[in-house]
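What follows is a set of notes on a single structure, which appears directly below.
The values are calculated or read from the model by the stated rules, or taken from the named source; none is laboratory data. Quantities reported herein were computed from a predicted structural model and do not represent experimental measurements. Quick reminder, even Gly has a Cβ in these numbers, built from the backbone with ideal geometry, and neighbours come from all protein chains shown.
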Amino acid sequence: MVRQLTFGRRLFAGANYLFLAVLAAVCLMPLISVLAVSFSEASAITSGQVKLWPVGFTFRSYSFVATKDAFLRSMLISLERVGIGTTLNMLLTVLVAYPLSKERAQFRFRTMYAWVFVFTMLFSGGLIPTYIVVKELGLLDSIWALVLPGALPIFNAILLLNFFRGLPKELIDASLIDGAGQWQTLWRIVLPLSMPALATITLFSVVGHWNEWFNGLIYMNAPEHYPLASYLQTVIIQRDLSLLVDPQQFKLMTEMSDRGLKAAQIFLGAVPVFVLYPFLQRYFMSGIVMGSVKE
């Protein structure tokens with residue numbers, strides 16, 4: 001039997017959809033504006049004619065950015081950082097969350113270890129002691145300076161811990177009774193059932209490594225070692241003076257807008273996350289909701 005919706009219910013649903021549509025449009029407008037600027041002629045950008053649609057459509061900014069060694073090199077460094085950092089994050093997160101998801105009878109000091117990890121999430125040694133540690137370990141100007149200090153995201157571990165605790169205990173007990181060890185149970189039973197949570201924290205790790213720019217500035221002494229986010233931060237707050245070294249590039253710069261070049265680089269820097277998100281989106285909502293509620 002199909003239930004008829006009342007007028008008040010339909011009105012509420014319509015208002016809700018309208019509000020969400022307006023909110024989505026407000027969130028998308030800055031991105032659309034950046035995209036329009038990146039495809040516009042320099043004269044239109046300088047005169048302020050570009051709003052949400054390109055004026056004098058051109059690929060000149062993207063063609064120029066594609067030939068910039070600094071941009072391409074920083075993107076490769078970011079891809080390397082995401083690959084190494086996300087793999088390390090996921091490995092350590094699983095290895096911490098699984099034993100902490102056990103009952104106190106199975107893991108005697110579980111509560112103590114859990115509070116130790118929570119304490120590190122709330123309090124840190126500070127920027128200067130962290131920098132000294134990284135320097136003394138000889139990690140400056142290396143990819144490890146970007147991935148090791150945050151190798152274990154405690155928030156992600158707590159999400160995954162609570163997700164593990166919500167899995168049916170009967171499946172894990174049956175696996176152990178059948179002769180499987182803890183490693184086999186984790187690999188063959190727990191992880192396949194935890195795909196929503198794993199996809200969610202994978203997305204958190206990828207976006208976090210891709211967008212993080214501050215560590216690149218303080219741990220890298222040379223600009224050629226900057227990841228993409230650090231490189232874009234320096235380009236946005238100041239004019240890219242490296243473009244003025246080559247006379248040919250200087251001539252091209254006179255035909256383009258500096259704002260258009262920045263917009264093209266910002267949009268290209270966001271493309272990898274846009275490409276990744278649709279593959280993980282179907283797991284995202286169920287993963288974050290199920291992992292955020294403690295049994």
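Of the residues that make up the stretch 108-117, is at least one assigned by TED's automatic domain parsing to the domain that holds ILE84, among the aliphatic types (A, V, I, L, M) and exposed (fewer than 12 other Cβ atoms within 10 Å of the Cβ)?
Scanning the stretch 108-117 turns up at least one residue that is assigned by TED's automatic domain parsing to the domain that holds ILE84, among the aliphatic types (A, V, I, L, M) and exposed (fewer than 12 other Cβ atoms within 10 Å of the Cβ).
Taking the conditions exactly as written (closer than 23 Å to GLY208 by Cβ and in contact with a Phe, Trp or Tyr (Cβ under 8 Å, 6 or more places away or on another chain)), does PRO129 satisfy them or not?
So PRO129 fails the test.
Considering only the stretch 5-16, state which residues are loosely packed, with under 10 Cβ neighbours inside 10 Å and either outside any helix (DSSP H, G or I) or in contact with a Phe, Trp or Tyr (Cβ under 9 Å, 6 or more places away or on another chain) (or both).
THR6 - this is the single residue of the stretch 5-16 that is loosely packed, with under 10 Cβ neighbours inside 10 Å and either outside any helix (DSSP H, G or I) or in contact with a Phe, Trp or Tyr (Cβ under 9 Å, 6 or more places away or on another chain) (or both).
Only one residue in VAL26, VAL82 is assigned to a helix (DSSP H, G or I), outside the structural domain of PHE274 (by TED's automatic domain parsing), within 22 Å of the chain's Cα centre (by Cα) and modelled with pLDDT of 85 or more, so which one is that?
On the way: VAL82 fails: outside the structural domain of PHE274 (by TED's automatic domain parsing).
Checking each option against the conditions leaves just VAL26.
Can you tell me how many residues within the stretch 92-114 are assigned to a loop (DSSP other than H, G, I, E, B) and under 19 Å from SER194 (Cβ atoms)? Full working, then the answer.
Keep residues of the stretch 92-114 that are assigned to a loop (DSSP other than H, G, I, E, B), which gives 101-109.
Restricting the remaining residues to those that are under 19 Å from SER194 (Cβ atoms) gives 101-103, 106-107.
The total comes to 5.
Scan PHE39, PHE19 and give me the residue that is among the aromatic types (Phe, Trp, Tyr) and loosely packed, with under 12 Cβ neighbours inside 10 Å.
PHE19
Any residue in the stretch 265-287 that's closer than 29 Å to LEU167 by Cβ: show its pairings with residues that are modelled with pLDDT of 75 or more and of a type outside the set (A, V, I, L, M, F, W, C) at Cβ separation under 6 Å, as long as the two are six or more apart or on different chains.
Qualifying pairs under 6 Å: TYR283/PRO196; PHE284/THR200; SER286/PRO196; GLY287/PRO196; GLY287/THR200.
Given the criteria touching a Pro at 6+ places or on another chain (Cβ under 7 Å), surrounded by 13 or more Cβ atoms within 10 Å (Cβ to Cβ), in contact (Cβ under 8 Å) with a residue 40 or more places away in the chain and in the same structural domain as LEU228 (by TED's automatic domain parsing), does LEU161 qualify?
no
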